[in-house]
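Undergrad: Take a look at the following structure, please.
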Amino acid sequence: MGVRVAVVYYSATGNVHALASAVADGAAAQGAEVRLRLVAELAPDTAIDSNPAWRAHVSATRSQVPEATLEDLEWATAYAFGTPTRFGNVAAHLKQFLDTTGGIWQSGVFHNKPATSFTSAMNRHGGQESTILALNNVFYHWGCLIVPPGYTDPLLYEAGGNPYGTSWPSSGGEGPDEPTLKAARYQGRHLADIATRLRG
């Protein structure tokens with residue numbers, strides 16, 4: 001049985017979606033079977049409609065990316081989770097999904113599986129590292145093996161050199177640049193490589 005990677009994320013306007021897709025591509029390039037999954041949108045339509053970019057992204061991805069389920073987590077042998085930064089913390093949408101995992105956590109589904117995380121915020125110092133560390137708290141409780149990119153490839157420096165996980169400061173709303181997408185693809189490859197080594 002080969003490596004199976006679940007890339008699970010929440011994205012409002014598309015930045016984390018772009019990172020998630022790149023992570024998924026990287027894992028697939030390393031030979032992993034990949035499921036790209038989006039957690040449920042919790043915001044009301046009035047909030048979504050107030051931001052044209054948010055509405056456009058929700059409309060575009062609703063039919064393209066399947067909604068994450070607990071079965072996806074049971075299926076996977078490795079995990080990549082992505083979230084926008086919300087005050088230096090995990091977005092409520094992803095947190096709500098994670099909070100439903102108690103039953104499969106108790107049954108040992110997550111034990112010794114590798115996991116990695118990535119994020120995006122508006123500002124370069126908008127809480128990216130804090131968000132990744134907060135998300136990693138879940139992995140500690142699950143009994144996962146956290147797989148950060150570290151400084152394991154020179155291309156990571158071109159993307160800002162975040163050893164915790166790929167992160168993107170969107171500034172004026174532009175999507176991740178090519179160095180950042182390369183870092184995300186590398187993070188997916190790195191996760192799949194570690195997962196393969198763990199399987200022996």
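The values are calculated or read from the model by the stated rules, or taken from the named source; none is laboratory data. Quantities reported herein were computed from a predicted structural model and do not represent experimental measurements. No Cβ is skipped: glycine too gets one built from the backbone with ideal geometry, and neighbour counts run over all protein chains shown. To get the accessible areas, we keep the full protein, side chains included, count just its heavy atoms, and leave off ligands, DNA and RNA. Shrake-Rupley method; radii C 1.70, N 1.55, O 1.52, S 1.80 Å.
Undergrad: Once phi is turned into ³J(HN,Hα) by the Karplus curve 6.51 cos²θ - 1.76 cosθ + 1.60 with θ = phi - 60°, what whole-Hz value does each residue of the range 144-158 show in order, with x for glycine and proline?
TA: 7, 9, 6, 10, x, x, x, 10, 9, 8, x, 5, 5, 5, 5
Undergrad: How large is ³J(HN,Hα), in whole Hz, for each residue of the range 67-79 in order, when computed from phi with the Karplus curve 6.51 cos²θ - 1.76 cosθ + 1.60 and θ = phi - 60°, using x for Gly and Pro?
TA: Here the 3J(HN,Hα) series is 6, 5, 10, 5, 4, 4, 6, 5, 5, 6, 10, 7, 10 Hz.
Undergrad: Over the Cα atoms of the range 86-200, what is the Rg over Rh ratio if Rh follows Kirkwood?
TA: Rg/Rh: 0.99.
Undergrad: One quarter of the convex hull surface, Cα atoms only: what value does that give for the range 26-66 in nm²?
TA: Details: hull surface 14.3 nm².
Projected area, direction-averaged: 3.6 nm².
Undergrad: What residues from the range 158-185 fall in the zone where the backbone N is under 19 Å from a label point 7 Å along the Cα-to-C-beta line of His125?
TA: Only 160-164, 167-172 pass the distance filter.
Undergrad: For the range 107-200, which chymotrypsin sites (Phe, Trp or Tyr not before Pro) pass both filters: DSSP loop (anything but H, G, I, E, B) and at most 16 other C-beta atoms within 10 Å? Present the calculation step by step, with values, prior to reporting the outcome.
TA: On the way: sites: Phe110, Phe118, Phe139, Tyr140, Trp142, Tyr151, Tyr157, Tyr164, Tyr186; in loops: Phe110, Tyr151, Tyr164.
Counting only loop positions with at most 16 other Cβ atoms within 10 Å, the chymotrypsin sites (Phe, Trp or Tyr not before Pro) in the range 107-200 are Tyr151.
Undergrad: With a 1.4 Å probe and every protein chain left in place, tell me how much accessible area Asp193 has, in Å² to the nearest 10.
TA: Looks like 40 Å² after rounding.
Undergrad: In the chain, once you exclude exposed trypsin sites (Lys or Arg not before Pro) (DSSP loop, at most 13 other Cβ within 10 angstrom), what's the longest stretch remaining?
TA: For trypsin sites (Lys or Arg not before Pro) (loop position, at most 13 other Cβ atoms within 10 Å), the longest site-free span of the chain is 125-200.
Undergrad: Continuing with the same structure: Could you compute Rg(Cα) / (2.2 N^0.38 Å) for the chain, with N its residue count?
TA: 0.94
Undergrad: If you roll a 1.4 Å probe over the heavy atoms of the protein chains, what accessible area per residue do you get for the range 137-180, in Å²? Write down the numbers at each step before the final one.
TA: Details: 2150 Å² over 44 residues.
Computed with neighbouring chains in place, this is 49 Å² per residue.
Undergrad: Need one number for the range 84-128: average projected area of the convex hull over its C-alpha atoms, nm².
TA: Here the figure is 3.7 nm², rounded to one decimal.
Undergrad: Through the Karplus equation 6.51 cos²θ - 1.76 cosθ + 1.60, θ set to phi - 60°, convert the phi angles of the range 47-64 into ³J(HN,Hα) values in whole Hz; use x for Gly and Pro.
TA: Along the range 47-64, the couplings run 6, 5, 5, 6, 10, x, 5, 5, 4, 5, 5, 4, 5, 6, 8, 4, 9, 9 Hz.
Undergrad: Which value in deg cm²/dmol, rounded to the nearest 500, describes the helix-derived mean residue ellipticity at 222 nm for the chain, given -39,500 (n - 2.57) per DSSP H run of n ≥ 4 and division by the residue count?
TA: Mean residue ellipticity, 222 nm, calculated: -13000 deg cm²/dmol.
Undergrad: Enumerate the amide H contacts of Ser120 below 5 Å, restricted to partners 5 or more residues apart or on another chain; note that Pro and chain-start residues carry no placed amide H.
TA: Placed amide hydrogens put Thr83, Thr85, Trp168 under 5 Å from Ser120.
Undergrad: Shifting gears a bit: Tell me, what is the Rg over Rh of the range 1-55, with Rh the Kirkwood radius over Cα pairs?
TA: 1.12
Undergrad: So, R0 is 30 Å and r is the distance between the beta-carbons of Trp75 and Leu133; what FRET efficiency does that work out to, to 0.05?
TA: In this case the efficiency is close to 0.65.
Undergrad: Looking only at the chain, where both bridge partners belong to it, what percent of the DSSP beta bridges are antiparallel (to the nearest 5)?
TA: The answer is about 10 percent antiparallel.
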